[in-house]
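Reviewing the structure listed below.
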């Protein structure tokens, strides 16, 4: 079991991902925006972040940059949840510090298979 | 969709539809302002609204709108990147919003829209964009015909030093190749710097691997998709090499130790896993003392085991020895419970920084007062307490404490105050988080709960009960009040965590004066002092600490209120009473003949339980019903008595709650023999 933080401003999407992960036995911390995620990082050990890209206030890329400056999340895998694979955007996300990405929408099995790769 | 049950999925889909309608309303309002002014804020909001709908539509199986939403998103992405929106573009986007709304309304009604008009809108959008469509999904990789007998792939993989800084791990890549059947045939260590110069966050090794020729090239590419640009990679068809190459899987299995050491930070995370505990020497000494006592008792009892008659004197010494043994056992148990305890201050320690950061960001002045940090709590409980406390404090600052000017205007000090307090209260630890903010907007919470179907429109609730609705799962997932006045995201997390620990959450709010959240947690999770009672032929255990007294029922002090509530007057206090037999479904209400009333206290309020007989007091080890069977209303668990029979432990808080609502819980269970 791992502890995964899901950062997405869409409640339904976040809940869908969180439920899927919980169903697979993971402990999930939900954050509705980037700031909340940052607040939680200092207080909780996280094994993997799943971050939406487009969020109000602190967007996903800014969040990743900040996470990479904080000791607890410096090396933690961070997967971006995007809706398209645009090479330019991926370059930007990687420059910010993202580990990888997942293209929405995804099936629960795909989600679990992908995070299994990062977590083991 | 697999992985979730249908009901959960349907509920989430309904939430998605509601969010989408709100998003479309915002998008429409935003589009209408584009003619006069284009601000980053409005465009960002517009883009996110459509983007969320597109992403969610796919996930929630609403495929008929993904094409339209995608085209709209592409247009908005241009605008976000600086393209000036033309009136034609705005008009087309507005048509798109209308079409999306129509399609979602169809879905809400359980139908699927034809989407016949979508193509027209998409064409208008593309035309307005004035160029060929951009941002379409990339062409799928050219499939390579699987060549069963093809030469194996040779993969030369040399990570650049910075590869691990993005959270990528070369071992993960090797493992994935291993899952395709790959083997490492060479490791290049030539780039390794001298040990003194080694930076553990950098990667200096390079690998040459061989992957079976039958594997598709695309599958290998996919393994390295995330590290494109972070490594040099050459994938070629190669002649087979020596077969005695070490199996990659074995290397990957051995290697984590090495990487952990190199990567530094991630390794320490593993080390701090839950398994160990730091214990003060005094506690160990105390336990040693107990064991010394136990040894003395044992030798005392051992002397009785000699030759000779079993006379009165010997029996008396035996009895004395046994009672001493009981004392020793008890003391040892307390010592061991203390070994597992840690001060609450460990968790409180996280809070000052949180208050500072969140307060500063929101422009609020917040003073924090901590008390009772030395209160000790079981380690397991403590570890689960961190998240709930963070959520509660954060919500207090975010939604409770007002901005300085607003506070001054309301006649309050400019700085808000949050108080965290912990204390032992009976068999519980009580942790309170109190703020002096604006309190909860109870009418709005109630309205939303009715709207969400959590309560009926005519359900009568006290203010405290209404406030507690913020913890209901359906309530916070919908984030219905967080943006206005209430507390939204995360409060169901609090509820879930505290419930898991067998605790209780209460919230009290006074408008304008603040909110108090009270967490009650059991001192230890395993053992309680219990009072055995009899109801008909069944035995139950009542936690001793919740019992105030037992009295003989005097019929003159008993009365029945309108609505069927029985009450009893104890000295100057009016106590609601419940026949335990009826509450547990063992007999119909009103037929109890017992004259024994046990007064228990929960949440500071008394409750009288009619029981048939008081039996022994003893310590019982709690066995979870949930993990062995399932949750049963009114029961906190079960225990095994000295004679091997199973007795249920009553959940007094739950019983009291039912009694106060005038509803008697109906537990359909049989006492196991």
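Taken together, the values in this text are just the output of simple stated rules run on the coordinates, not laboratory data. These figures come from a predicted structure and were not determined experimentally. Cβ sites come from the backbone with ideal geometry, for glycine too, and all protein chains shown count toward neighbours.
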State, as an integer percentage, the relative contact order of chain A based on alpha-carbon contacts under 8 Å between residues 6 or more apart. 24
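Sequence gap at least 6, Cα distance under 8 Å: using those rules, report the relative contact order of the stretch B:1-61 to the nearest whole percent.
Working: 23 pairs, mean separation 23.4, N = 61.
Reported relative contact order: 38 percent.
Per the helix-only calculation at 222 nm, which mean residue ellipticity applies to chain A, given -39500 (n - 2.57) for every DSSP H run of n ≥ 4 and division by its residues, nearest 500 deg cm²/dmol?
Numbers: 5 runs with 53 residues, N = 120.
Taking each H run of at least 4 residues, the total per residue is -13000 deg cm²/dmol.
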So what's the convex hull volume per residue for the Cα atoms of the protein assembly as shown, in Å³? 252
Can you sort B:376, A:88 so the residue with the fewest Cβ neighbours within 10 Å comes first? A:88, B:376
If you rank B:417, A:76 by fewest surrounding Cβ atoms within 10 Å, what's the result? B:417, A:76
Relative contact order of the stretch B:345-522, pairs being alpha-carbon contacts under 8 Å that are 6 or more residues apart, as %: 24
Where the centre of each part is set by its Cα atoms, how far does the stretch B:404-431 sit from the stretch B:12-72, in angstrom? 40
Dimensionless Rg/Rh of the stretch B:527-660, both radii on Cα and Rh by Kirkwood, sits at 0.96
When chain A is modelled as a GNM with alpha-carbon springs shorter than 10 Å, which of A:22, A:66, A:57 fluctuates the most? A:57
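How high is the FRET efficiency from residue B:285 to residue B:383, r the C-beta distance, R0 35 Å, rounded to 0.05? Write out the running numbers ahead of the final one.
On the way: r = 26 Å, r/R0 = 0.73.
Calculated transfer efficiency: 0.85.
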GNM flexibility winner over chain A from A:91, A:45, A:74 (Cα, springs under 10 Å): A:91
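Using 0.36 nm per residue, how much length does the chain from residue B:88 to residue B:561 gain when fully extended, once their Cα-Cα distance is taken away? Numbers along the way, then the final one.
Working: separation 473, 0.36 × 473 = 170.28 nm, distance 7.18 nm.
Going from the current span to full extension adds 163.1 nm.
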Among B:208-217, A:30-39, how do they line up by average Cβ neighbours within 10 Å per residue, starting with the highest? A:30-39, B:208-217
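Would you please classify the overall shape of the stretch B:310-426 from the alpha carbon gyration tensor, given that a ≥ b ≥ c denote the square roots of the eigenvalues, rounded means a/c under 1.5, and beyond that prolate means a/b larger than b/c while oblate covers the rest? Can you show the working numbers first?
On the way: a/c = 6.05, a/b = 3.78, b/c = 1.60.
It comes out prolate by the Cα gyration axes.
Take every DSSP beta bridge with both residues inside the protein assembly as shown and express the antiparallel ones as a percent of the total, to the nearest 5.
On the way: 82 of 110 bridges.
Roughly 75 percent of the DSSP beta bridges within the protein assembly as shown come out antiparallel.
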In nm, to one decimal, how far is the modelled label at residue A:107 from the one at residue B:190, with both set 7 Å along Cα→Cβ? 4.6
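Among DSSP beta bridges whose residues both lie in the stretch A:3-119, state the antiparallel percentage, nearest 5. Write down the numbers at each step before the final one.
Numbers: 0 of 17 bridges.
Looking only at bridges with both residues in the stretch A:3-119, the antiparallel portion is about 0 percent.
To the nearest 0.05, what FRET efficiency results for residue B:217 and residue B:356 with a Förster distance of 56 Å applied to their C-beta separation? Can you show the working numbers first?
Values: r = 53 Å, r/R0 = 0.95.
It comes to 0.60.
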Determine the distance separating the Cα centre of the stretch B:289-303 from the Cα centre of the stretch A:28-101; give it in Å without decimals. 60
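What full-extension length gain, to one decimal in nm, is calculated for residue B:26 and residue B:333 as 0.36 nm per residue of separation minus the Cα-Cα distance? The partial results should precede the final answer.
Details: separation 307, 0.36 × 307 = 110.52 nm, distance 6.12 nm.
Extra length available between residue B:26 and residue B:333 comes to 104.4 nm.
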Run the numbers for residue B:450 and residue B:423: contour at 0.36 nm per residue of separation, minus the present Cα-Cα distance, in nm. 6.1 nm
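Taking R0 as 41 Å, what FRET efficiency do you get between residue B:197 and residue B:40 from their Cβ-Cβ distance, rounded to the nearest 0.05?
Once rounded, the FRET efficiency stands at 0.35.
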